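Undergrad: I have a structure I would like to understand better, so I am pasting it below and will then ask my questions one at a time.
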Amino acid sequence: MYSPGFAVHITLDITKHTIPMPSSLKAAFTDYIVGWLVTTAAAIVTFIVTWAFPDAWLRMSTFVLANVEPKVLLVLFICTAMILLVVIAFFLPYLTAEKKKLLGGIYWDKEKNPHCPSCKTPVSNYGEFNFGDWGYLCNVCKSVFNLADASGNPIKPEDARRML
Ligand SMILES: [Zn+2]
């Protein structure tokens, strides 16, 4: 059908050129691409079978209806619907989640609010901690996250907001 290795390779290649994503989101994205490839492959197979054998689906459904109990069909249908609901429920948070930009070691949302780079909780307590460590204090992680440029030089929140 499809090669998972090939799909993963393509996915990693795409994500390399976008903003850094947490590993859980990256995994969800990989799953999404693999799912998309499987769906496309299934659609192509369906098209070819329909094109080559126009009455294949009619014969198949007649065969299934004649040989499989309606109760079994109903159970299969309910199982499929439930699996589909679970899959949708699993992916919905990823699809609706707001994307945050990483700048200076801190995540920033669309309104330029700072968020903890570890747990994504909003942080507002900026100041000097641990003798000369300027950064944001996350109340959840109990850690200070420095706000610095790519060279490690400290930058002020105003500078970071201007760069966003
Ligand atoms: Zn945190």
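Undergrad: Sort F29, F91 by Cβ crowding within 10 Å, fewest neighbours at the top. Could the numbers behind the result be given before it?
TA: Details: F29 17, F91 14.
Fewest to most other Cβ atoms nearby, the residues stand as F91, F29.
Undergrad: At a temperature of 25 °C and a viscosity of 0.890 mPa s, determine how fast the range 19-161 diffuses translationally according to Stokes-Einstein, using the Kirkwood radius over alpha-carbon pairs as Rh; express D in µm²/s, rounded to the nearest whole number. Could you put the intermediate results ahead of the total?
TA: Numbers: Rh = 20.0 Å.
In µm²/s, the coefficient is 123.
Undergrad: Can you tell me the FRET efficiency between A89 and S118 if r is taken as the Cβ-Cβ distance and R0 is 35 Å, rounded to the nearest 0.05?
TA: On the way: r = 26 Å, r/R0 = 0.74.
The pair A89/S118 has a calculated efficiency of 0.85.
Undergrad: Moving on to the next point. From the phi of every residue in the range 136-145, what ³J(HN,Hα) in whole Hz does the Karplus formula 6.51 cos²θ - 1.76 cosθ + 1.60 yield, where θ is phi - 60° and glycine or proline is x?
TA: Going residue by residue, I get 9, 9, 8, 6, 7, 7, 6, 10, 9, 10 Hz, with x marking Gly and Pro.
Undergrad: Turning to a different aspect of this structure: Loop-only check: which trypsin sites (Lys or Arg not before Pro) in the range 83-138 are DSSP coil with at most 10 other Cβ within 10 angstrom?
TA: Numbers: sites: K99, K100, K101, K110, K112, K120; in loops: K99, K100, K110, K112, K120.
Answer in residue order: K110.
Undergrad: Using 17 Å as the cut-off for backbone N distance, which residues of the range 120-164 belong to the label zone defined by a point 7 Å from the Cα of L25 along Cα→Cβ?
TA: Within reach of a label on L25: 120-123, 164.
Undergrad: Distance check, please: which entries in K26/K100; K26/K156; K100/K120; K99/K120 exceed 21 angstrom between their Cα atoms?
TA: K26/K156
Undergrad: Can you list residues from other chains, or at least 5 along the same chain, whose modelled amide H is less than 5 Å from the amide H of V123?
TA: Sorted by chain and number, the residues that satisfy this are H115, C116.
Undergrad: With a cut-off of 8 Å between alpha carbons and a minimum separation of six or more residues, what is the relative contact order of the range 101-163 in percent? Show your work: numbers first, answer last.
TA: Working: 102 pairs, mean separation 16.9, N = 63.
Relative contact order of the range 101-163: 27 percent.
Undergrad: Would you mind ranking S61, S151, S143 so that the residue whose beta carbon has the fewest other beta carbons within 10 Å leads the list?
TA: Working: S61 10, S151 5, S143 15.
Ordered from fewest to most neighbouring Cβ atoms within 10 Å, S61, S151, S143 come out as S151, S61, S143.
No value in this document is a laboratory result; all are computed from the given coordinates. Remember, it's a predicted structure, so these values are computed and weren't measured experimentally. Ideal geometry is used to build each Cβ from the backbone, glycine not excepted, and the neighbour counts take in all protein chains shown.
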